[in-house]
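Everything on this sheet refers to the single structure shown next.
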Amino acid sequence: MADDQTLPASLLAPFNGARPPAPAWFEAAIAIQPERSTIQVDGADIELLTWGEVGRPGLLFLHGNGAHADWWSFIAPSFAKDWRVAAISWAGMGSSGWREAYSADTFAAEAFAAVEAAQLEAGGHKPIFVGHSFGGFPTLFCAARHPERLRGAILVDTSIQPPEKRWKGPPPRSGFGTKVYPTLEEALTRFRLAPPQPCENLYIADHIARRSLKEVEGGWTWKFDPAIWQRFSMPDLGLLLGEIACPAALMWGERSGLMHAETLDYMIANMPKDVLRLPIPDADHHVMLDQPLAFVAGLRGLLATWA
């Protein structure tokens, strides 16, 4: 999600704050409301959503940069009959608190604190992490540095570029995310996906946009910390690829602008040979928005291999 004058016109502007029509499967999914709570992790409040019965195998969904736990609230109910499912909003995003500094260790602490608070291991099984985009970075970190705590790790369109293509510092985002809009309706018209891409399922974009905003003095603004990348540190992700030491899978959108052939070749060459691979046809970077039902079906297939 982004609010940047350099990006194309908003997906939701034509609706002027009204909700786009949605199919029955989506309405049924979001009608299954999660239990919402907050946990304390290293001094920050972390938003936690849970579905399903305690005692079933644990599944933790981890969202991307600038997003929040409700990016999974139309996906998670599809797994709630067979899994104890949880999703968090990372510190600095969603309804979670902000930090003075963000690191791989703090993000891992948030994920494992969610495992404990949601009782994802109550059935005697280690949890499986599913991380989209940026959420795949802490997922990868946990799979490499804490593999004994995971039954599996799935990276969803998590792009790790070859060293010569990698950015050398935080992207310039002066003033990013700080604008206040006088009404919720106007704020919704400014919602965009980042990186920019088409989106046919505007009912999903509307759903996540509404929970991306918070009311402040003078109107509405985006929830995420606009300075997170200026205060962020993580080990070399390319080196972590070769350190994966639990069952793992890589899923990506076949049209994704972040998963070019060169990127995929680099990642696959540096991952263990037994990492599973699953491209999702007719999907861009935001795979669960582009092809939500195919995403659910593909994820079920991956999970079945580790049953």
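The values are calculated or read from the model by the stated rules, or taken from the named source; none is laboratory data. This one's a predicted model, so the numbers in the text were calculated from it and none came from an experiment. Cβ: placed from backbone, ideal geometry, glycine included. Neighbour counts: every protein chain shown. The area values use the complete protein model at the heavy-atom level, side chains included, leaving out ligands, DNA and RNA. Shrake-Rupley method; radii C 1.70, N 1.55, O 1.52, S 1.80 Å.
Consider Lys273 carefully, then state whether it is free of Cβ contacts under 8 Å to residues at least 12 places away in the same chain and among the charged types (D, E, K, R). Taking the combined requirement at face value, the residue satisfies it.
Which residue is farthest from Ala117 (Cα to Cα), if the candidates are limited to region 23-38 and must be open to solvent by 70 Å² or more (accessible area, probe 1.4 Å) and of a type in the set (Gly, Ala, Ser)? Of everything passing the filter in region 23-38, Ala24 is farthest from Ala117 (Cα to Cα). Filtering region 292-307 down to residues that are farther than 18 Å from Gly135 by Cβ and modelled with pLDDT of 95 or more, which residue is most open to solvent (accessible area, probe 1.4 Å)? The extreme case among them is Arg300.
Among the residues making up region 13-22, those that are part of a loop (DSSP other than H, G, I, E, B) and loosely packed, with under 12 Cβ neighbours inside 10 Å are Asn16, Ala18, Pro21.
Scanning region 277-307 for residues that are of a type in the set (A, V, I, L, M, F, W, C), more than 18 Å from Trp83 (Cα to Cα) and in contact with a helix residue (DSSP H, G or I) (Cβ under 6 Å, 6 or more places away or on another chain) returns Leu278, Ile280, Ala283, Val287, Met288, Leu289. Across region 71-85, what is the number of residues that are within 17 Å of Asp290 (Cα to Cα) and among the aliphatic types (A, V, I, L, M)? Residues meeting the conditions: 2. Could you check, for region 125-145, whether at least one of its residues is under 18 Å from Tyr266 (Cβ atoms) and in a loop (DSSP other than H, G, I, E, B)? No, because not a single residue in region 125-145 is under 18 Å from Tyr266 (Cβ atoms) and in a loop (DSSP other than H, G, I, E, B).
Restricting region 231-279 to residues that are part of a loop (DSSP other than H, G, I, E, B) and within 19 Å of the chain's Cα centre (by Cα) leaves a set whose member that is nearest to Ala91 (Cα to Cα) is Met234. Out of curiosity, is Ala297 under 18 Å from Phe61 (Cβ atoms), out of contact with any Cys (no Cβ under 9 Å at 6 or more places or on another chain) and free of Cβ contacts under 8 Å to residues at least 12 places away in the same chain? Yes, satisfied. Within region 222-235, being open to solvent by 10 Å² or more (accessible area, probe 1.4 Å) and either aromatic (Phe, Trp, Tyr) or at pLDDT 95 or above (or both) holds for Lys223, Phe224, Trp229, Phe232. Annotation for region 223-230: at least one member residue is in a helix (DSSP H, G or I) and under 23 Å from Pro163 (Cβ atoms).
The condition of being open to solvent by less than 10 Å² (accessible area, probe 1.4 Å), in contact with a Ser or Thr (Cβ under 6 Å, 6 or more places away or on another chain) and under 20 Å from His125 (Cβ atoms) holds for only one of Leu59, Leu48, that being Leu48.
Of the residues making up region 206-245, just one is without any contact (Cβ under 8 Å) to a residue 60 or more places away in the chain and in contact with a Leu (Cβ under 6 Å, 6 or more places away or on another chain), namely Trp220. Screening the candidates Val115, Val85, Val54, Val41 for the property of being open to solvent by 40 Å² or more (accessible area, probe 1.4 Å) and either under 28 Å from Asp236 (Cβ atoms) or modelled with pLDDT of 95 or more (or both) yields one hit, Val54. Here Pro170 clears all of (1) farther than 24 Å from Arg255 by Cα; (2) at pLDDT 95 or above except the condition numbered (2).
Residues checked against (1) among the hydroxyl-bearing types (Ser, Thr, Tyr); (2) surrounded by 19 or more Cβ atoms within 10 Å (Cβ to Cβ):
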| position | (1), (2) |
| --- | --- |
| Phe74 | no, yes |
| Ser78 | yes, yes |
| Lys81 | no, no |
| Ala101 | no, no |
